[in-house]
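Everything on this sheet refers to the single structure shown next.
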Amino acid sequence: MKRIGAVIVSHGQVANELLAAAEAVVGEVSHLTAVSIGWHDDVELAQNEIRRAIDAVSAGNGVLLLTDMFGGTPTNIAAMFLKENEVEIVTGVNLPMVIKVASNNKTMTLHELAEEVVGQGKEAICRAGMLLAPQRVGKDA
Amino acid sequence: MLEMPLPIVNTLGLHARAAAQLVRLAATFQCSLTLVREDTGLRANAKSILSVLHLAASSGTRIRLVADGEDEAEAVAAIIDLFSRGFGEL
């Protein structure tokens, strides 16, 4: 099965560390890589790094760029690579989103994966106390 | 269909790496595998790591495994073994 590649792009070392954390959970993944853009890197340098990363993970089924923050430089530079059915961007990357991409083994289009990752990312944000509350009630009862 | 309680005996409970081990094992079986939290009734697909993590099952949480399919007996035996060994953390 041809996998959809993914590149995490962020300010500072966030991208590298998110990838490292995901790999600690699901094991090494070859279709995912990270580009950490230094605070003082110039745009051309960062652009080249992202291009190299896209080429490295691309298997012909498209590449998803997971960026840290909409409107930030990493997203803006990543946006230069946007291409229908070839490169999509999802912003606001968090660890569950990376794990989702890393462990995805269903056959789907780039668009479908992007939608799933958006849903997963949102679902993973919750007030933990609300989820854990029934357990405490159960123990008291 | 088979249903069995699962012992969570390791200190950290069903944390990320333990869940990953479970998911890798579960994926080797054809049958459907569902984890159910006894206290809240929350259900999780044992073949999806993010689903398993949402159970937030810590040490001592009572959960049971529901297996349905041709190789359910082998799957239940293998998963009980993994849980009993505390995911290799004991």
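The values are calculated or read from the model by the stated rules, or taken from the named source; none is laboratory data. Everything quoted here is computed from the prediction, not taken from an experiment. Here Cβ is always computed from backbone atoms with ideal geometry, including for glycine, and neighbour counts include all displayed protein chains.
Side notes on the structure shown:
Residues are listed down the side, and each one gets a yes or a no for (1) touching a Ser or Thr at 6+ places or on another chain (Cβ under 8 Å); (2) loosely packed, with under 12 Cβ neighbours inside 10 Å; (3) within 14 Å of chain B (Cβ to nearest Cβ); (4) over 17 Å from residue A:117 (Cα atoms):
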| site | (1), (2), (3), (4) |
| --- | --- |
| A:11 | yes, no, no, yes |
| A:25 | no, no, yes, yes |
| A:37 | yes, no, no, yes |
| A:51 | no, no, no, yes |
| A:55 | no, yes, no, yes |
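- Among all positions in segment B:59-79, there is at least one residue which is at pLDDT below 95, within 14 Å of chain A (Cβ to nearest Cβ), over 10 Å from the mean Cα position of the chain (by Cα) and closer than 28 Å to residue A:98 by Cα.
- Residues of segment A:59-79 that are part of a loop (DSSP other than H, G, I, E, B) and crowded, with 18+ Cβ neighbours inside 10 Å: A:61, A:62, A:68.
- Scanning segment A:80-103 for residues that are within 14 Å of chain B (Cβ to nearest Cβ), surrounded by 19 or more Cβ atoms within 10 Å (Cβ to Cβ) and not β-branched (Val, Ile, Thr) turns up A:96, A:97, A:100, A:102, A:103.
- Members of segment A:14-54 found to be assigned to a loop (DSSP other than H, G, I, E, B) and farther than 18 Å from residue A:94 by Cβ, listed by number: A:27, A:28, A:30, A:31, A:38, A:39, A:40, A:41, A:42
- Complete set of residues in segment B:29-46 that are more than 10 Å from chain A (Cβ to nearest Cβ) and either touching a Pro at 6+ places or on another chain (Cβ under 7 Å) or touching a residue at least 12 places away in the same chain (Cβ under 8 Å) (or both): B:29, B:30, B:31, B:32, B:33, B:34, B:35, B:36, B:45, B:46
- Boolean, residue B:19 is within 18 Å of residue B:81 (Cβ to Cβ) and at the interface with chain A (Cβ under 9 Å from one of its Cβ atoms): yes
- Extreme residue, farthest from the chain's Cα centre (by Cα), among residues of segment A:125-141 that are exposed (fewer than 10 other Cβ atoms within 10 Å of the Cβ) and modelled with pLDDT under 70: A:141
- Residue B:60 being in a loop (DSSP other than H, G, I, E, B) and surrounded by fewer than 14 Cβ atoms within 10 Å (Cβ to Cβ): yes
- Checking residue A:72 against (1) within 12 Å of another protein chain (Cβ to nearest Cβ); (2) touching a residue at least 60 places away in the same chain (Cβ under 8 Å), the condition it does not meet: (1)
- Among the residues of segment A:36-64, those that are charged (D, E, K, R) and under 18 Å from the mean Cα position of the chain (by Cα) comprise A:49, A:51, A:52, A:55.
- Matching entry among A:122, A:106 (being out of contact with any strand residue (DSSP E or B) (no Cβ under 6 Å at 6 or more places or on another chain), loosely packed, with under 13 Cβ neighbours inside 10 Å and either more than 19 Å from residue A:18 (Cβ to Cβ) or within 14 Å of another protein chain (Cβ to nearest Cβ) (or both)): A:106
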